[in-house]
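First comes the structure, then the notes that go with it.
The values are calculated or read from the model by the stated rules, or taken from the named source; none is laboratory data. Bear in mind the structure is a predicted one, so any value in this text is a computation, not a measurement. Heads up, the Cβs are rebuilt from the backbone with ideal geometry, glycines too, and the neighbour counts pull from every protein chain shown. Heavy atoms of the whole protein, side chains included, go into the accessibility calculation; ligands, DNA and RNA do not. Shrake-Rupley method; radii C 1.70, N 1.55, O 1.52, S 1.80 Å.
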Amino acid sequence: QVQLVVPMTVVFGPGSVPGDLPRPLPFRDVQEMEISVNLRTSVTSRYEMRYRSTTGQEEAALTAATAREADAALYPLQDNTLGSLTMYVVPETSSLLPQGINVYVGKHRSTLVRAVGALAALQARLREVTQLMSFRASSIAAALSDRVPDGRLGPDARRYLKSSLGYEITFSLLNPDPKSHTVDWDIEGAVNRYVKPVLDKLSLVANFSVDSQILYYAVLGVTPRYDKESSSFLLSAHSLPHVINPVEARLGSSAASLYPVLNFLLYVPERSHSPLYIQDKDGAPVSTNAFHSPRWGGIMVYNVEAPASPQASLPLHVEVDMARVMEVFLAQLRLLFGLSREEVPPEFLLEGLGNEGLADWELDHLLWAHTVENIATVSTTLTSLAQLLDKIGNIVIKDDVASEVYRAVASVQSAVTKLSLGHLQAAFQASKEAVTSSERAFFDPSLLHLLYFPDDQKFAIYIPLFLPMAVPILLSLAKIVRETRLRKKEPTKMD
């Protein structure tokens with residue numbers, strides 16, 4: 001049984017304290033909620049809330065002109081432990097929050113919440129904020145998707161990447177018509193500027209490696225439809241799944257990879273199919289001219305402007321606008337990790353991500369989900385290993401395999417304990433160690449199923465071999481025994 005504990009601090013600014021508080025500040029309160037996964041599995045979420053008043057420094061920070069400035073001033077004053085939340089309640093008349101906005105969510109682990117009259121209404125609003133910033137029932141269900149009945153899973157649950165110790169990201173430029181286009185892209189500079197800050201933050205979650213390649217004469221494998229009205233070529237939504245397989249055969253990146261590979265493809269259409277646009281299910285053009293595939297990656301079509309004069313010399317030199325391309329690829333990367341911001345209520349104002357591409361509370365969101373998924377993975381792996389050992393009675397367990405199993409059990413128990421104490425980072429590290437140990441034990445070469453035979457198979461193999469040899473040996477033994485008896489019966493001669 002897994003219990004997720006979220007340490008929360010609710011700080012009341014001057015003039016924002018509800019009149020129906022059960023006791024004077026400061027005090028503590030606990031709220032629990034059960035997330036049911038299936039008939040046998042459920043996850044308990046426990047919110048440990050500490051209510052207090054602002055300090056002098058916090059009051060000074062809350063007098064800033066804008067919510068962004070207040071958030072920046074409050075950042076050094078708050079608890080920034082992974083998984084923790086700090087919520088500052090400001091008066092209803094506060095000018096920090098714009099008109100119609102009740103909640104401001106910053107880039108770190110704090111929010112500004114507009115006060116409401118009663119404590120119950122405020123707690124309902126705080127609960128809404130908490131589920132956005134820590135974990136939702138849907139994200140936990142997606143993490144445990146292997147155990148959730150298909151009918152209860154949301155449409156996006158299968159889109160998110162499974163938890164892994166590492167990921168490989170490959171950026172590929174596809175130039176199917178090098179005779180017409182010479183394409184240059186500053187992929188190294190773009191990765192350092194746009195991708196590296198995101199991966200630096202995600203390094204807590206997993207290890208990442210990034211590489212790039214340019215593929216010539218690589219076509220999509222689907223012939224686009226020509227549209228006379230717009231004088232352009234169109235790829236409809238139902239043809240997009242058929243684009244990936246022919247392209248993937250040319251990529252070759254996942255053949256020797258130990259970890260999941262995320263493919264981001266930039267496709268420059270050949271001159272005979274230019275310009276090329278992607279349509280959605282309703283037939284409208286997609287604004288980004290890109291699409292993504294769950295747990296695989298994304299493809300963006302980059303159209304090249306036609307030359308002003310038809311006599312222009314070929315090949316045309318194309319310089320890719322990497323800022324526009326990376327904006328699309330980073331949005332797809334966030335979708336693959338389940339960090340979409342589409343479900344935010346209208347009265348919530350979220351701070352822009354800037355160059356980091358990932359807020360601190362979004363990192364916590366990933367850590368919660370991956371920790372729960374790792375615990376479930378270890379449980380499944382060790383159960384499968386136990387079933388294998390029960391099935392093969394004469395299997396040999398080496399000391400190093402046994403120690404890995406013990407280490408996996410101890411680590412997963414430690415992860416569950418750390419979660420129940422609200423120590424998210426320690427719980428995640430323990431769950432990663434448990435996954436590593438359980439996988440080592442399960443895939444140890446000495447536990448290969450084919451090395452051990454059941455008894456009936458041994459008899460079936462060895463009896464046809466030994467029976468023909470045993471017949472003359474048994475007959476010889478019988479003859480020796482018979483002769484020995486006859487010799488004993490003969491009277492001994494006496495001189």
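Laid out as a table, the results:
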| quantity | calculated |
| --- | --- |
| Which listed residue, of E58, E48, is assigned to a strand (DSSP E or B), over 27 Å from T380 (Cα atoms) and acidic (D, E) | E48 |
| Search result, residues across the stretch 325-343 that are open to solvent by less than 20 Å² (accessible area, probe 1.4 Å), closer than 19 Å to L132 by Cβ and not hydrophobic (A, V, I, L, M, F, W, C) | G338 |
| Test: residue in the stretch 433-452 that is out of contact with any strand residue (DSSP E or B) (no Cβ under 9 Å at 6 or more places or on another chain), β-branched (V, I, T), in contact (Cβ under 8 Å) with a residue 24 or more places away in the chain and not in a helix (DSSP H, G or I) | no |
| Strands (runs of 3 or more DSSP E) (entirely within the stretch 263-306) containing at least 1 residues that are touching a Leu at 6+ places or on another chain (Cβ under 7 Å) and without any contact (Cβ under 8 Å) to a residue 40 or more places away in the chain | 297-301 |
| Any hit, the stretch 70-78, residues being more than 27 Å from L353 (Cβ to Cβ) and part of a loop (DSSP other than H, G, I, E, B) | no |
| Top-ranked residue in the stretch 348-391 [being of a type outside the set (G, A, S) and part of a loop (DSSP other than H, G, I, E, B); ranked as surrounded by the fewest Cβ atoms within 10 Å (Cβ to Cβ)] | N355 |
| Count of the stretch 164-208 residues which are open to solvent by 30 Å² or more (accessible area, probe 1.4 Å) and within 19 Å of V261 (Cβ to Cβ) | 6 |
| In the stretch 90-134, residue nearest to the chain's Cα centre (by Cα) [restricted to those that are part of a helix (DSSP H, G or I) and not aliphatic (A, V, I, L, M)] | Q131 |
| From L202, L240, L220, L235, residue being farther than 22 Å from T288 by Cα and not charged (D, E, K, R) | L202 |
| Tally of residues being open to solvent by less than 40 Å² (accessible area, probe 1.4 Å) and either farther than 10 Å from A441 by Cα or of a type in the set (S, T, N, Q) (or both) across the stretch 392-415 | 5 |
| Within the stretch 64-87, considering residues that are in contact with a helix residue (DSSP H, G or I) (Cβ under 8 Å, 6 or more places away or on another chain) and of a type in the set (A, V, I, L, M), the one nearest to H423 (Cα to Cα) | L82 |
| Scope the stretch 79-89; condition farther than 19 Å from R114 by Cα and not in a loop (DSSP other than H, G, I, E, B); matching residues | none |
| Failed criterion for M322 (all others in (1) open to solvent by 30 Å² or more (accessible area, probe 1.4 Å); (2) more than 24 Å from the chain's Cα centre (by Cα); (3) modelled with pLDDT of 90 or more hold) | (1) |
| Selection status of S420, more than 20 Å from L202 (Cα to Cα) and not assigned by the TED database to the domain that holds L202 | yes |
| Test: S431 is open to solvent by less than 70 Å² (accessible area, probe 1.4 Å), small (G, A, S) and either more than 30 Å from G83 (Cα to Cα) or at pLDDT below 90 (or both) | no |
| Breaking point among (1) touching an Asp or Glu at 6+ places or on another chain (Cβ under 9 Å); (2) farther than 26 Å from Q425 by Cβ; (3) open to solvent by less than 60 Å² (accessible area, probe 1.4 Å); (4) part of a strand (DSSP E or B), for D211 | (3) |
| Counted residues, the stretch 217-274 - those being over 28 Å from V195 (Cα atoms) and either open to solvent by 90 Å² or more (accessible area, probe 1.4 Å) or not assigned by the TED database to the domain that holds E319 (or both) | 8 |
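Residue by residue, here is whether (1) under 33 Å from the mean Cα position of the chain (by Cα); (2) open to solvent by less than 30 Å² (accessible area, probe 1.4 Å) holds:
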residue: T41; (1), (2): yes, no
residue: Y47; (1), (2): yes, yes
residue: R52; (1), (2): no, no
residue: L74; (1), (2): yes, yes
residue: Y88; (1), (2): yes, yes
